[in-house]
1. Round to the nearest 10 and give me the degree value, 0 to 90, for the angle of helix 564-578's Cα axis relative to the longest principal axis of the chain.
2. Under the 0.36 nm per residue contour assumption, what length would be gained going from the current alpha-carbon distance of S362 and N625 to full extension?
3. With +1 on each Lys and Arg Cβ and -1 on each Asp and Glu Cβ, and nothing else charged, work out how big the dipole of the chain is about its Cα centre, in Debye to the nearest 20.
4. Within the set of other residues whose C-beta is less than 12 Å from the C-beta of K320, count the net charge using Lys and Arg as +1 and Asp and Glu as -1.
5. Could you please report the charge total around A343, scoring K, R as +1 and D, E as -1 over all other residues with beta-carbon less than 14 angstrom from its beta-carbon?
6. Rounded to whole Å, give me the distance from the Cα center of region 471-492 to that of region 404-470.
7. Rounded to the nearest Å, what's the spacing between the alpha carbon centres of region 536-588 and region 107-185? Just the number, please.
8. Measure out, as a whole number of angstrom, how far apart the alpha-carbon centroids of region 289-368 and region 653-702 sit.
Amino acid sequence: SYCSVYSWDIFFRNANAGAPPGTAYQSPPPLGTSLAGLSQVQSLVGAQPNVEKLVEDHLAVQSLIRAYQIRGHHVAQLDPLGIMDADLDSCVPTDIITSSDKLGFYGLDESDLDKVFRLPTTTFIGGDESALPLREIIRRLEMAYCQHIGVEFMFINDLDQCQWIRQKFERPGVMHFTLEEKRTLLARMIRSTRFEEFLQRKWSSEKRFGLEGCESLIPALKTIIDKSSENGVESVIMGMPHRGRLNVLANVIRKELEQIFCQFDSKLEAADEGSGDVKYHLGMYHRRINRVSDRNITLSLVANPSHLEAVNPVVQGKTKAEQFYCGDTDGNRVMSILLHGDAAFAGQGIVYETFHLSDLPSYTTHGTVHVVANNQIGFTTDPRMARSSPYPTDVARVVNAPIFHVNADDPEAVMYVCNVAAEWRATFHKDVVVDLVCYRRNGHNEMDEPMFTQPLMYKQIKKQKGVMQKYAEKLIAEGSVTRQEYEEEIAKYDKICEEAYTRSKDEKILHIKHWLDSPWPGFFTLDGQPKSMSCPSTGISEEELSQIGQVASSVPVEDFTIHGGLTRILKGRGEMIKNRTVDWALGEYMAFGSLLKEGIHVRLSGQDVERGTFSHRHHVLHDQNVDKRICIPMNHISPNQAPYTVCNSSLSEYGVLGFELGFAMASPNALILWEAQFGDFHNTAQCIIDQFICPGQAKWVRQNGIVLLLPHGMEGMGPEHSSARPERFLQMCNDDPDVFPKITEDFAVRQLYDCNWIVVNCSNPGNFFHVMRRQILMPFRKPLIMFTPKSLLRHPEARSSFDEMLPGTHFQRLIPDSGPAAANPAGVKRLIFCTGKIYYELTRERKARSMEDTIAICRMEQLSPFPFDLVKAETEKYPNADLVWCQEEHKNQGYYDYVKPRMRTTIDRVKPVWYAGRGPAAAPATGNKAAHQQELSRFLDNALNLDAFKDHA
């Protein structure tokens, strides 16, 4: 400690005496030096100062530097209007030096401002100098952290990452731009601004959610894409809300202007199927040369609804899929950019769910660049009423993402932080946020009156000079561009817009194919012709069934210790294979395994899917002795198979279902499945179901073959573990209950082509096997809503023979009765239609009552599209039977309201369709086991009692 104090003492005294920093240091004398010798050394630098004070001052300067690094952003000049505090707090942190009297916080005063202090290794403000006067230290910290850029990064727990960021913002002169870069930036500002002004002139009464007040968003995005392209990125997938979307399409993705302008024509006729969507929800896909990097780049903007942040996980899933299919394991070639509004970024929980996917092995896209168009308002809601956090971006701190706040009226500052953000992503493959603090010149949209609710803000906005004009004046003043060049650039772009406007007048038809965000080239045709409306047999050979079964019942890795209970399960599977039988788990194994052998990637995602919530699947085996050592037998089926991805997800439905939907968008040649832990929980992903899956093809002509596996069944487990709410899915089906369709040879496939999604409830594993394979063998893609069982997973009667899965066999949309009733149809008094596991309870009860001759039970496996032809055949087969629909769900739930009118249409309404099931209720199930059993007994009795409905006849 003697040496340390001595060294600092000599250093500071020499530095304060004016010695250059490199010569101020003096080695301490040896420990044995006499007092006389020591005083002789000290006399070289004058009288001995207060050593303690010197050390305290040095530590104070370190604290001061750290304070600016941590809290400098709170006093940065971020608001272009100069009236709001981006962090919602006008107080200046106590430890930020805004005047000399604040030096007292650190035990310093004005006399210390010219003293030289050695800089710690945790700052780069000195550049090549190791010490600076305090006055200069403060000045440089203010330049780095308190101007138009506010940097939030000190919460990051990785020192190397913090040092990397410090270098980017603290080194003197880092924000330097060449003449060419400035001129390019001005040209981009002109395009961004004049595009909006052109639309305003031509369609002043149309909503377009323009970019006025945040025009620097366009050069911001182009900078991120340029830098990423230079770093090797070949594909960028983007998602954004509607503000500025048309401008992004025009000036970032470079969609033809006439295709955008013709969208404003109210007389435009749709040439394609579907109901379409408003122009500022549509997406786009474009491959072009990036002029800065001189490399090819593909840009796609994913279509999304007004549910602003819902597109986030969809973009991430699509990005992950593209990375997967091109072998980009580190995200070097494919990346995502997500744009956000400030109020939505802070308010929507899906933002948090998506951030928490960012570093999970099966979901990471290796870093996303987030850009927030921070309007400092949400529609009419003041930010102080819209969030509890200082910034709208604080949610990003949970994943240690650096956040760069920037005043959007300083285009060079915007360009700089966007370059840094792109470099961060390329270097660390982690998320990063650019917070563009801006304003909305026209309010929420062009038809809105913002003065109702934000009068003071909009008085200031009316006075605000446009950012393009301000930047042009700056460049003209410094001689980077002449006024004539500036005006010529404006005239040049205005001419481009006018010419495109003229061409747009010739567009009489809207071709939605111009707006596809995920084209599937070659999928819909065969040898240049549209594929036929047919589906081949979904069966496979006996040899293949046996081979896949062998894998399913073994551990294809040596020296791998599995759980004892699993040994019994695998042995049981082996016995079933010998007996040519499959249960539910094996039926799924056969479907997935056979598709993998055919080169079809299979991805199964959701909570606990690796083992299966009900401990039936076991697709991932865990070594009982070695941590993290796993085996996925399905990846050992054949040498040239496609990979099988099975991954437990985070505890999210909304985010993860959106992710899988995006994954399924990328390629039609993959089976992508999401399984709910219980079907009941899909309702926390209702937004993805309602806005993307159900109407996706109608709105955006975008087919998707995603499969939702929703465990469903009333088994006394209470109201949250019983119902996947089939009534909701059926209500959203687009078929007409009052029209009996024309039955043609390709009726079954044609129905599938015309529907918006397929709703299925299988009662045996063989049929489940077929419907899974049918998803891929169909000549098109439709979402599949699959109600999966719980008790049937192990039900001894819910088994299928190999014979039901061999070549020539198909999925059965309806399974007729094959017992004694079918042998003597004229003697049948009642024909019961049902679906799912209730079939086994009905047959058990029918047998107990010895009514197998008089009651026929028919299983409807595919509910939608409704099997009109097969239902008609069954009703005609039993001419003397009354008709009953039996379900275990409550009358106002389940399938009854969907099935009844379609059955009535099928039979020309000549008979009633009686209901047997639980009565109407608010909750989907009782929580009392005894009450559950009583309800079951009561409606089974109703269904099988031939006198049950006579009073109503």
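Each reported figure results from applying straightforward, stated rules to the coordinates on display, with no laboratory input. Note that the coordinates shown come from a computational prediction; the quantities given were computed from them, not determined experimentally. Positions of Cβ are backbone-derived with ideal geometry, glycine not excepted, and every protein chain shown enters the neighbour counts.
1. Helix 564-578 sits at roughly 40 degrees to that axis.
2. Details: separation 263, 0.36 × 263 = 94.68 nm, distance 2.43 nm.
Roughly 92.3 nm would be gained on extension.
3. 1440
4. -1
5. Spelling it out: positives minus negatives among the neighbours equals -1.
6. That distance is 22 Å.
7. Taking the Cα centre of each part, region 536-588 and region 107-185 sit 64 Å apart.
8. 16
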